Amino acid sequence: MEATPGARLASLLDQTFRAMVAHAVEELGRRGHPGVTATLEFALVEIRAGATDASALGRALGVSKQAAAKTIATLEHLGYVRREAHPTDARRRHVAVTARGEEMTAIGAAAFDDLRRRWIDSLGSADAERAEAALQVLLEQSREDAIARAQGSSTAT
């Protein structure tokens, strides 16, 4: 059975994302950060942006607090983060990015940017900009749809 247009689009988006991640992971490995996964890099980006405990990281990544805690433990084991005393609550600890973590995110970001530049060279600037703008519109629509579904299910109960 032939894939539907929607299934083909989902597959193209997935494969394109995987190609981007594979490029970044390869570059990270080549530059002294072997074994880094997309999950670890994206988690580190969220920690840098302020998700400094497992609950906040879980919300930012859309995973459970337990999964986020495991990710933090892996990042700590690899030397990308360290746990520190919380600045306002002595009973808690928060996660801070180390210099090694900063280096890793900079290399990953540069790898994504490099691939994006190569795609712009292939597509042309105008087509690449239209593609990015279209993806942004689709993402916003998907988020709005998710909010509407959540509101609909909460009013139905």
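Computed from the coordinates by the stated procedures, all read-outs in this text should not be read as laboratory data. Model, not experiment: these values are computed from the prediction. A quick note on method: Cβ atoms are made from the backbone with ideal geometry, for glycine too, and the neighbour counts reach across all protein chains shown.
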Checklist outcome for this item: hull vol. (C-alpha, convex hull) per residue for the chain, Å³ -> 186
Item to check | Förster-model FRET efficiency, 22 Å R0, Arg30 and Glu76, C-beta, rounded to 0.05 | outcome: 0.40
Item to check | Chain lengthening between Lys65 and Thr88 when straightened (0.36 nm per residue, less Cα-Cα) | outcome: 6.2 nm
Checklist entry - Simple spin-label model, 7 Å along Cα-to-Cβ: Arg117 to Ala146 in nm? => result 3.2
